[in-house]
Structures are given as C-alpha cells and as structure tokens.
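Single-structure report; data block below.
The values are calculated or read from the model by the stated rules, or taken from the named source; none is laboratory data. All values reported here derive from a predicted model rather than from experimental measurement. FYI the Cβ positions are ideal-geometry reconstructions off the backbone, even for glycines, and counts take in every protein chain you see. Please note that ligands, DNA and RNA were not included when accessible areas were found on the heavy atoms of the full protein model with its side chains. Shrake-Rupley method; radii C 1.70, N 1.55, O 1.52, S 1.80 Å.
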Amino acid sequence: MSQWDKLVAEIIKQNPTLRFEDLCKALVKIGYTAEQPRGGSSHYTFRKDGCMPITLPKHVPMKKAYINLVADAVRAYLQEV
C-alpha cells in the first residue's frame, strides 16, 4: 500500500491524529491550490475550480470538522477518478 493510499484511508476514517500538513498534502494532490494567510492569520485557504474553497487553521490538534471537510473533498475526488 502506497503512502498516498494510507493517507487517504486515514482521512476517510477521520483519524483525529491527522496534522495540518497531512490534510494540506492531500488537498494539493487532488488539485487544490493553497493560499497562505496574510496579516497574521493562521488560516490557509485551498481553492479548486468548480469546488467550494476549504479553509483550514494551522493548529494542533486539527478539529474533526476540518478533517471532515477534507474527507468530503477526497471522497468526491475518488468518485471522479
């Protein structure tokens, strides 16, 4: 099983130990672009044409709601492929 497959499995089962970097890596891999925060904010916005933007804070630990947003995006991507 590849690292990508392992990461997808962890995201889909919404593992609470996922880090910002893991979620960022997954979103970039499925076609989102990251926009760094300006003005002292810790929230990164990920955008993809035809999809709603996803905003994630760079905090530890990641809240389940943010993991759920990324899990939904990954599921949608997997259905397209």
- Residue list for the range 62-73, restricted to those being in contact (Cβ under 8 Å) with a residue 24 or more places away in the chain and out of contact with any Lys or Arg (no Cβ under 9 Å at 6 or more places or on another chain): LYS64, TYR66, ILE67, ASN68, VAL70
- Which of the residues that make up the range 57-68 are touching a helix residue (DSSP H, G or I) at 6+ places or on another chain (Cβ under 6 Å) and at pLDDT 95 or above? none
- Restricting attention to the range 4-24, report how many residues are within 10 Å of the chain's Cα centre (by Cα), free of Cβ contacts under 8 Å to residues at least 24 places away in the same chain and surrounded by 14 or more Cβ atoms within 10 Å (Cβ to Cβ). 1
- Item | Residue in the range 45-61 that is open to solvent by less than 60 Å² (accessible area, probe 1.4 Å), farther than 20 Å from GLU10 by Cα and without any contact (Cβ under 8 Å) to a residue 12 or more places away in the chain present | yes
- Message: Tell me the residue from ALA34, ALA65, ALA71 that is of a type outside the set (Ser, Thr, Tyr), within 12 Å of the chain's Cα centre (by Cα), over 23 Å from TRP4 (Cβ atoms) and open to solvent by less than 80 Å² (accessible area, probe 1.4 Å), please.
- Response: ALA65
